[in-house]
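Visitor: First, the structure itself, so that you have it in front of you.
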Amino acid sequence: MAHKKLKRFAEIATYPNVFQYPENIKGKWHTVFENQNPVVLELACGKGEYTIALAEKYPGQNFIGVDLKGNRLWKGATYALKKNLKNAVFLRTQIEMIAGYFDKDEVDEIWLTFPDPQLQISRAKKRLTFPRFLREYRKILKKDGVIHLKTDSPDLYNFTKEVIGWYGLNVASDIADVYAQTKIPEDLLIKTYYESLDISKSNKIFYLKFSLPENLKDDDKEFYRYLKEKYATYEKA
Ligand SMILES: C[S@@+](CC[C@H](N)C(=O)[O-])C[C@H]1O[C@@H](n2cnc3c(N)ncnc32)[C@H](O)[C@@H]1O
């Protein structure tokens, strides 16, 4: 492993604001932050631009950046330590396991910032807005807690709209081209590392804000069959 990566891994192991696969933390985040303020997650946070920028902007809320990759978390965590930003911490784990780290209703909001679009239909179940993930979020998110998706991928945006329609999610905002808006919502102006890479070359940033019904049906097999039929042909074309 590269020297820089090893150094970062060694550093985050000593950081008080990085929790790596912690045990027995469920229901105890208020003791980490030493307050009862709302808790907001940034899933697939990478270097944690949203976690940091929102924590600076909203000192009355707590932010937790979640990612698998310790060397990426290092960046946001180092910044938060240097700035003594007490309302931003990082959780290193797999998002598949998120419900193991939070109690029911412990989370107020979730941001999904430029998650991998997993373009092939065979990988659709790995998309962070696939219903099996939404069901995990449902376990920890307050009743009307919102989920924000910001992406440069038209495929992930359209796929998420399919999920919204199929599973009856409640849409609060749907913007197909953020920077074409005359009045851009302020929180959407925060730029992440992947936004700057413009990998999808779509020249657009898409945004969806939605909440989940109390009971999210498990219609996944049927839904996946529908996706395969509709998009496999499209993939081959
Ligand atoms: C495309 S990057 C986006 C990073 C950041 N949000 C940005 O916009 O710059 C996707 C991130 O998701 C993380 N990731 C992907 N799948 C994950 C999973 N199952 N659990 C935790 N993190 C995951 C990757 O490590 C990576 O940092």
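Visitor: For Lys183, are the conditions met, namely being modelled with pLDDT of 90 or more and crowded, with 17+ Cβ neighbours inside 10 Å?
Guide: Spelling it out, it is not the case that Lys183 is modelled with pLDDT of 90 or more and crowded, with 17+ Cβ neighbours inside 10 Å.
Visitor: Is there a residue being of a type outside the set (S, T, N, Q), in the same structural domain as Leu188 (by TED's automatic domain parsing) and more than 16 Å from the ligand (Cβ to nearest atom) anywhere in segment 122-136?
Guide: No, the conditions are met nowhere in segment 122-136.
Visitor: Under the condition of being within 17 Å of Thr14 (Cα to Cα) and within 9 Å of the ligand (Cβ to nearest atom), which residue from segment 49-92 is surrounded by the most Cβ atoms within 10 Å (Cβ to Cβ)?
Guide: This residue is Leu73.
Visitor: OK, next. Considering only residues that are open to solvent by 50 Å² or more (accessible area, probe 1.4 Å) and either of a type in the set (A, V, I, L, M, F, W, C) or within 8 Å of the ligand (Cβ to nearest atom) (or both), which ones fall in segment 186-195?
Guide: Leu189, Tyr193, Tyr194, listed by residue number.
Visitor: Ok, one more. Looking at Asn17, Asn37 in this structure, which one is surrounded by fewer than 23 Cβ atoms within 10 Å (Cβ to Cβ), closer than 30 Å to His3 by Cα and more than 16 Å from the ligand (Cβ to nearest atom)?
Guide: Asn17
Visitor: In addition: Of the residues that make up segment 100-123, is at least one open to solvent by 20 Å² or more (accessible area, probe 1.4 Å), within 16 Å of Ile25 (Cα to Cα) and in a helix (DSSP H, G or I)?
Guide: Checked segment 100-123: at least one residue is open to solvent by 20 Å² or more (accessible area, probe 1.4 Å), within 16 Å of Ile25 (Cα to Cα) and in a helix (DSSP H, G or I).
The values are calculated or read from the model by the stated rules, or taken from the named source; none is laboratory data. Source: prediction; values computed, not measured. Because the Cβ atoms are built from the backbone with ideal geometry, glycine has one as well, and the counts that use them run over all protein chains shown. Heads up: the accessible areas ignore ligands, DNA and RNA and are worked out on the full protein's heavy atoms, side chains in. Shrake-Rupley method; radii C 1.70, N 1.55, O 1.52, S 1.80 Å.
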